[in-house]
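The values are calculated or read from the model by the stated rules, or taken from the named source; none is laboratory data. Bear in mind that the values here come from a model prediction, so they are computed numbers and not experimental data. Quick reminder, even Gly has a Cβ in these numbers, built from the backbone with ideal geometry, and neighbours come from all protein chains shown. Ligands, DNA and RNA are excluded from the accessible area calculation, which covers all protein heavy atoms including side chains. Shrake-Rupley method; radii C 1.70, N 1.55, O 1.52, S 1.80 Å.
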Amino acid sequence: MILRLLRSDFKKLKVGMWILVFLGPIGIFGLTTLNYMLRYEYLLRQSDDRWMQLLQQINLFLAPALLLGTALLASLSANIEHETNAWKQVLALPISRVKVYCSKFIMISILLFIATVLMFIGTWFFGSLYGWEQNIPFKEVAINSFYPYFAAMPILAIQLWFSVTSVNQGTPLAVGIVGAVVSMYSYGGPEWLIWKWPLLQNKWEIPEISVLLGIVVGGLIFLTSVVHFERKDVQ
């Protein structure tokens, strides 16, 4: 049943949502290119490890872009049903509310994962263009690309929750925009700040902790939102 719901949700996707999936990585690498064009010599002087320096620069743009993209995809996905007033029709079908909600969550997760794969490929390609005399650190590139995705699970759970239960998408979008801005200035912030986790920065200097926190807290928020959705009357 979940697969049938997923197929239905993907068929409803607007072209703009697919554009957003590709636009995110393109925008990040566009900003990174501009950054290197303007400050290449300065950035090279900061570290002898060219690839780690590149990953740090990409991460500056990756976290806020990921959070903003999550908010936009969640809002656009929920708004498909809100615009056509289809929630009542969907929920009137002999289908579990939990499965309907899970389908939306899985669909957005897949879209974000596609963007994450593009980030991994793009990072490898971007660094290779410079021809640095250093082996490509595929493990570190993978960590920098995929870890933020898992660390951002609480944001996805919150944004989908707000988007599905709010007819006016202004509030969920405002929350998403504020969260993206907060993430840009959250270096050194408290460890409980969920918008900091995709930066993979913590006092223990162990990025896996940010990932673990993201998965666990994201799971708890998701379960809470499922219970709320199951009991709430959706307009």
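Annotations for the structure displayed:
- Per-residue SASA entry for T171, accessible area with 1.4 Å probe, Å² rounded to 10: 80
- Compared with the dominant principal axis of the Cα atoms in the chain, helix 207-231 is inclined by about 10°.
- Rg [Å, one decimal], Dmax [Å, integer] - segment 134-176, C-alpha atoms: 15.9, 52
- M1, M17, M153, reordered so the largest accessible area comes first (probe 1.4 Å): M1, M153, M17
- Ranking L76, L199 from most to least accessible surface, computed with a 1.4 Å probe over the protein chains only, gives L76, L199.
- Accessible surface for Y42 stands near 100 Å², nearest 10, in the context of the full protein assembly shown (1.4 Å probe).
- With the simple spin-label model, which puts each label point 7 Å out from Cα in the Cβ direction, the M1 to F113 separation comes to 2.2 nm.
- Option label - Rg and Dmax of the Cα atoms in Å computed here, alternatives (i) 19.0, 67; (ii) 18.9, 63; (iii) 20.2, 68: (ii)
- The simple Förster model, with R0 at 45 Å and r as the Cβ-Cβ distance, assigns V15 and V216 a FRET efficiency of 0.80.
- E83-T224 FRET efficiency (beta carbon distance; Förster radius 30 Å; 0.05 resolution): 0.70
- Above-threshold pairs, the threshold being 32 Å between Cα atoms, out of K99/K203; K14/K232; K139/K203; K11/K203: K99/K203; K11/K203
- The 1.4 Å probe gives accessible areas that order M107, M37, largest first, as M37, M107.
- Sequence-separation-based contact order of the chain, relative, with Cα cut under 8 Å and 6+ spacing, percent: 27
- Probe 1.4 Å - accessible area at V182, Å² to nearest ten: 50
- Between L38 and M52, the contour length at 0.36 nm per residue exceeds the alpha carbon distance by 3.2 nm.
- Relative contact order of segment 73-192, pairs being alpha-carbon contacts under 8 Å that are 6 or more residues apart, as %: 39
- Segment 115-163 - percent of accessible surface contributed by carbon and sulfur, probe 1.4 Å: 70
- Here the simple spin-label model places points 7 Å from the Cα toward Cβ, and for R45 and K203 these points are separated by 3.4 nm.
- Considering only the Cα atoms of segment 73-188, their convex hull presents on average a projected area of 9.5 nm².
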